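J.: Handing you a structure now.
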Amino acid sequence: MNYYKVSFELNPLLPAREILYADLDQLDFESIVDTKSGVEAFIPESDFNRVLLDDLMIHNLPDLDIKMEVELIEQQNWNANWESQFEPIVVNEKCIIRAPFHDKNSCDYDIVISPKMSFGTGHHETTFLLSQHLFEMDLKGKSVMDMGCGTGVLAIIAKKLGAATAQGIDIENWAYLNSIENANLNQIDDIEFFEGDASLLGNDPFFDVFIANINRNILHRDIPLYFKTMKHGAILLISGFYTTDVEVLTTRALEYGLKFVNSKSKNNWAMVQFIKD
């Protein structure tokens, strides 16, 4: 499959980047990566609509200085592009997330992720924040949900850290398949992955730890569904949004009996921890 790569140079960088992220998500871009001067967004050739993109630039971002370049990337070049840019991620002194084409590391937790198009290689601030935070928790014997699992990396880390059960859900078929592939790469065969959204969740409290790395609007909508599946005393970790969104999502969580524990940020991206009190 061929992809279009759309590069945006933004001035000022913020809040233009925040606005653009939300708009591109509505246009079915599959991957969006921050750059020093803006973002790069990727979309399958079959889904690309230049008219809608130009309309976005004119009507949604009229007062910002934005330069846009569009490039068609063939499948073979796309894979080569990932391999040339994907570097191992050091989560802490014990864990490295790497691709299959990198040499094996001697650290305690050597996580192998075939990046492909799935969100969750560890490069993005939100995945990094959540990955790092999992190492600060006691997951032994716990049941874990990875909502919006992307590559499945967070569910994989949870199992490596001793979780009794781990499940992952993603609405994208390619992410669902990639999660299964990555679990196999890490010799883990007991993570249950599902293709779909929060409607797949039941109504019975089952999870000790619920992770959701999705955008602000979906989190705001689905927190009540997450709450139903969490045991008393369960932890909810949410990310995928900017620090400016922490207040509105915290207010939403408090409405459903969740208690704020703490928050962390990296480059204006945030992660918040709640507990079902």
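The values are calculated or read from the model by the stated rules, or taken from the named source; none is laboratory data. All figures in this text were calculated on a predicted structure; none of them were measured in a lab. Counting neighbours? That spans all protein chains shown, and the Cβs are built from the backbone with ideal geometry, glycine included.
J.: Can you find, within the range 213-243, the residue that is surrounded by the fewest Cβ atoms within 10 Å (Cβ to Cβ) among those that are among the polar types (S, T, N, Q) and either within 15 Å of His133 (Cα to Cα) or assigned by TED's automatic domain parsing to the domain that holds Gln26 (or both)?
T.: Asn213
J.: Give the residues of the range 266-277 that are within 18 Å of the chain's Cα centre (by Cα) and at pLDDT below 95, sorted by residue number.
T.: Residues satisfying the conditions are Lys266, Asn267, Asn268, Trp269, Ala270.
J.: Do we find a residue being over 29 Å from Val39 (Cβ atoms), at pLDDT 95 or above, surrounded by fewer than 20 Cβ atoms within 10 Å (Cβ to Cβ) and of a type in the set (Val, Ile, Thr) anywhere in the range 244-263?
T.: Taking every residue of the range 244-263 in turn, at least one turns out to be over 29 Å from Val39 (Cβ atoms), at pLDDT 95 or above, surrounded by fewer than 20 Cβ atoms within 10 Å (Cβ to Cβ) and of a type in the set (Val, Ile, Thr).
J.: Failed condition for Lys104, given (1) in the same structural domain as Val272 (by TED's automatic domain parsing); (2) part of a loop (DSSP other than H, G, I, E, B), with all others met?
T.: (1) is the only condition that Lys104 fails.
J.: Right, another one. Can you tell me which of Gln167, Gln187 is over 20 Å from Lys231 (Cβ atoms) and either in contact (Cβ under 8 Å) with a residue 60 or more places away in the chain or not aliphatic (A, V, I, L, M) (or both)?
T.: Gln187
J.: Mind listing whichever residues of the range 239-277 are out of contact with any helix residue (DSSP H, G or I) (no Cβ under 9 Å at 6 or more places or on another chain) and in a helix (DSSP H, G or I)?
T.: Of everything in the range 239-277, those that are out of contact with any helix residue (DSSP H, G or I) (no Cβ under 9 Å at 6 or more places or on another chain) and in a helix (DSSP H, G or I) turn out to be Thr243, Val246, Glu247, Thr250, Thr251, Leu254.
J.: Which members of the range 137-153 meet the condition of being touching a residue at least 60 places away in the same chain (Cβ under 8 Å) and not in a loop (DSSP other than H, G, I, E, B)?
T.: Across the range 137-153, the qualifying residues are Ser143, Val144, Met145, Asp146, Met147.
J.: Run Asn178 past the list (1) surrounded by 22 or more Cβ atoms within 10 Å (Cβ to Cβ); (2) out of contact with any Lys or Arg (no Cβ under 6 Å at 6 or more places or on another chain) and report the number of the one that doesn't hold.
T.: The number of the failed condition is (2).
J.: So, one more: May I ask you to list the residues in the range 24-39 that are without any contact (Cβ under 8 Å) to a residue 60 or more places away in the chain and either crowded, with 17+ Cβ neighbours inside 10 Å or in the same structural domain as Asn215 (by TED's automatic domain parsing) (or both)?
T.: Leu24, Phe29, Ile32, Gly38, Val39 - these are the residues of the range 24-39 that are without any contact (Cβ under 8 Å) to a residue 60 or more places away in the chain and either crowded, with 17+ Cβ neighbours inside 10 Å or in the same structural domain as Asn215 (by TED's automatic domain parsing) (or both).
J.: Tell me which residues, restricted to the range 40-82, are over 18 Å from Ala16 (Cβ atoms), part of a helix (DSSP H, G or I), of a type in the set (A, V, I, L, M) and at pLDDT 75 or above.
T.: Val51, Leu52
J.: Let me ask you something else. Scan (1) modelled with pLDDT of 90 or more; (2) surrounded by 18 or more Cβ atoms within 10 Å (Cβ to Cβ) for the single condition Thr121 breaks and write down its number.
T.: Here Thr121 meets the rest and fails (1).
J.: Could you list, in sequence order, all residues of the range 200-235 that are in a helix (DSSP H, G or I) and closer than 30 Å to Arg17 by Cα? Working first, answer last.
T.: Start the filter on the range 200-235 by keeping residues that are in a helix (DSSP H, G or I), which leaves 200, 216-229.
Answer for the range 200-235, where residues must be in a helix (DSSP H, G or I) and closer than 30 Å to Arg17 by Cα: Arg216, Asn217, Ile218, Leu219, His220, Arg221, Asp222, Ile223, Pro224, Leu225, Tyr226.
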